[in-house]
Amino acid sequence: MTACRVVLVDQGLSRSRAWSLGLEMRGHSLTRVSSLKEYESMALGCDLLILHEGSLKDELSVALLSQTEKEEAPEVLVVLDVPDASRAVACMKHGAADCLMGDVSAEQVVLFAESRAKASAQGRGRLAGKTRIVTQNPRMEGLLSMLDRVADSSASVLISGESGTGKELIARYVHGQSRRRGKPFVAVNCAALPESLMESELFGHEKGAFTGATTRKAGKFELADGGTLLLDEITEMPVTLQAKLLRAIQEKEVDRLGGSSPISLDVRVVATTNRDIKEEIQAGHFREDLYFRLNVIPVVLPPLRERPEDIEALSSHFIHRFSEIDGRGVKHLTQDALLRLKNYSFPGNVRELENLMHRAVLLATGESLSASALWFEDEEMPQAVPVETAGISSDFRGAPLREVERLVIFDTLEQTGGNRTHAAKILGISVRTLRNKLNEYRAGGVAVP
């Protein structure tokens, strides 16, 4: 398990000592500060930030927004001394990952920290701004290290690779690592624009420049001023327009259609292609001088079949992401599923793996994603996977739903020897939900195990 760095903001929470001991026993760490100002001044790096409401009072919502809107924000957990559902919902709306209420135990904090550590391990890789590159492949790591060194320059970047390898993601990574990250990132798909509109889209036009030009329009270069312009699938650009693009990059200025004077700009250009650009040059489809202007920093992305180390890491990343988006409880791959993935060539690269894992998360039952949930594009739809009954006894048949729920909870607690954390995990609910259920039964006069 990856260690989780936890920072607690509070002014005397008596439980923090027990939390710290609990975290340390599991290989994690807890640093305690008395205020959010102290935390920010110390520039503490952390994976999980715990905000104690008692220390922030009315400033809690502002504190949450100030933390969660950061580009590289840690996950934020709020601790409320007094149970208050409406307050908890408000915190979640302001960006909190979760709220724990009342007498929060060390066990609850450890469980939350470990879920955060697991999610971090599943999404491990490089982070630039809000762009994460998940990889364990040495070649990819080398490419990213090189891009880290050159990202702050104004040099053009040419990214080549098969479709689906993540060329636009790499372009966003370069932008996120550069000093331009606070400025616009503008993407243009050259393959999607008709030749008749491409010049206007890139360089803009003045009112009356052509029939239908009823207003002045800024082009993509102007919109990207100060930031990064991505020219996706650059080899699809007509040769007739490539000369004007070369001048715009070289002179750092553009001429609007119908304009009377050039407009000076500061734009970093990143281009991508899935073709062999040298073959395009030899065929007369691409200007050699433009190629040399773009190819200052060449990046060649390897296909997924040459990155076998990344299949498991990317699959885990997509499982976590789509389970969260679609409200599914899938948490990990089984060994048979992983073996099947590693034996597949992935002609569609990472994009194909992403689509495959999204389907699999929707088809899977339970926490494990097995090989039976994998539906490759060249296969027939898999047969329905039987849903496990979780050992529900036939004695439950005909009983009211509320009574069945109680019996299942009690039966699970008996199987786990009264371990509520383990029982909650089996039931697929939080420890807090389980505790609330038991309190309801107890209030109704039912003896609780």
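Quick check on segment 160-203: of everything there that is within 22 Å of the chain's Cα centre (by Cα) and among the β-branched types (Val, Ile, Thr), which residue is farthest from GLY258 (Cα to Cα)?
THR165
Of all the residues that make up segment 7-66, how many are modelled with pLDDT under 80, under 22 Å from MET92 (Cα atoms) and either aliphatic (A, V, I, L, M) or not assigned by TED's automatic domain parsing to the domain that holds VAL79 (or both)?
Matching residues across segment 7-66 total 8.
Are there any pairs with C-beta distances below 7 angstrom linking a residue in segment 268-297 that is assigned by TED's automatic domain parsing to the domain that holds GLU222 and farther than 21 Å from TYR173 by Cα to a residue that is of a type in the set (D, E, K, R) and not in a strand (DSSP E or B), with the two at least 6 apart or on different chains, and if so which?
ILE281/GLU288; PHE286/GLU280
Scan segment 286-311 for residues that are part of a loop (DSSP other than H, G, I, E, B), at pLDDT below 95 and not charged (D, E, K, R) and jot them down.
Correct list: PRO308 only.
Got at least one residue in segment 167-184 being among the acidic types (Asp, Glu), surrounded by fewer than 21 Cβ atoms within 10 Å (Cβ to Cβ) and over 20 Å from SER264 (Cα atoms)? Write out each step before concluding.
Of segment 167-184, the ones among the acidic types (Asp, Glu) are 168.
If we keep only those that are surrounded by fewer than 21 Cβ atoms within 10 Å (Cβ to Cβ) as well, we get 168.
Restricting the remaining residues to those that are over 20 Å from SER264 (Cα atoms) gives 168.
Checked against the condition, which is being among the acidic types (Asp, Glu), surrounded by fewer than 21 Cβ atoms within 10 Å (Cβ to Cβ) and over 20 Å from SER264 (Cα atoms), segment 167-184 yields at least one hit.
Could you pull out the residue among LYS220, LYS183 that is within 22 Å of VAL239 (Cα to Cα), modelled with pLDDT of 90 or more and basic (Lys, Arg)?
On the way: LYS183 fails: within 22 Å of VAL239 (Cα to Cα).
Residue meeting the stated conditions: LYS220.
So GLY226 passes all but one of these: (1) under 29 Å from THR165 (Cα atoms); (2) in a helix (DSSP H, G or I). Which condition number does it fail?
The one condition GLY226 does not meet is (2).
Among the listed residues LEU314, LEU341, which satisfies the condition of being crowded, with 19+ Cβ neighbours inside 10 Å, free of Cβ contacts under 8 Å to residues at least 40 places away in the same chain and either part of a loop (DSSP other than H, G, I, E, B) or not basic (Lys, Arg) (or both)?
Numbers: LEU314 fails: free of Cβ contacts under 8 Å to residues at least 40 places away in the same chain.
When all the criteria are applied, what remains is LEU341.
In segment 223-232, how many are among the charged types (D, E, K, R) and crowded, with 19+ Cβ neighbours inside 10 Å? Steps first, answer last, please.
If we filter segment 223-232 for residues that are among the charged types (D, E, K, R), which is where we start, we get 225, 232.
When the remaining residues are screened for being crowded, with 19+ Cβ neighbours inside 10 Å, the result is 232.
The qualifying residues number 1.
Could you tell me which residue of segment 186-205 is modelled with the highest pLDDT, considering only residues that are buried (at least 16 other Cβ atoms within 10 Å of the Cβ) and part of a loop (DSSP other than H, G, I, E, B)?
Residues of segment 186-205 that are buried (at least 16 other Cβ atoms within 10 Å of the Cβ), as a first pass: 186-188, 190, 193, 198-205.
Among the residues that remain, those that are also part of a loop (DSSP other than H, G, I, E, B) are: 190, 193, 204.
Working: CYS190: 93, LEU193: 87, GLY204: 90.
Applying the filter and picking the extreme gives CYS190.
Among the residues of segment 235-280, write down those that are among the basic types (Lys, Arg), touching a helix residue (DSSP H, G or I) at 6+ places or on another chain (Cβ under 9 Å) and closer than 23 Å to PHE185 by Cα.
Answer for segment 235-280, where residues must be among the basic types (Lys, Arg), touching a helix residue (DSSP H, G or I) at 6+ places or on another chain (Cβ under 9 Å) and closer than 23 Å to PHE185 by Cα: LYS244, ARG256, ARG268.
Checking the condition over 18 Å from ILE297 (Cα atoms) and either assigned by TED's automatic domain parsing to the domain that holds GLY348 or assigned to a helix (DSSP H, G or I) (or both), which residue from ALA213, ALA209, ALA243 passes? Explain how you work it out, then say what you get.
Numbers: ALA213 fails: either assigned by TED's automatic domain parsing to the domain that holds GLY348 or assigned to a helix (DSSP H, G or I) (or both); ALA209 fails: either assigned by TED's automatic domain parsing to the domain that holds GLY348 or assigned to a helix (DSSP H, G or I) (or both).
Answer to the check: ALA243.
Tell me which of these ALA213 doesn't satisfy, since it passes every other one: (1) among the hydrophobic types (A, V, I, L, M, F, W, C); (2) surrounded by 20 or more Cβ atoms within 10 Å (Cβ to Cβ); (3) farther than 16 Å from VAL269 by Cβ.
(2)
The values are calculated or read from the model by the stated rules, or taken from the named source; none is laboratory data. Not measured: the values here are computed from a predicted model. All Cβ positions, glycine included, derive from the backbone under ideal geometry; neighbour counts span all protein chains shown.
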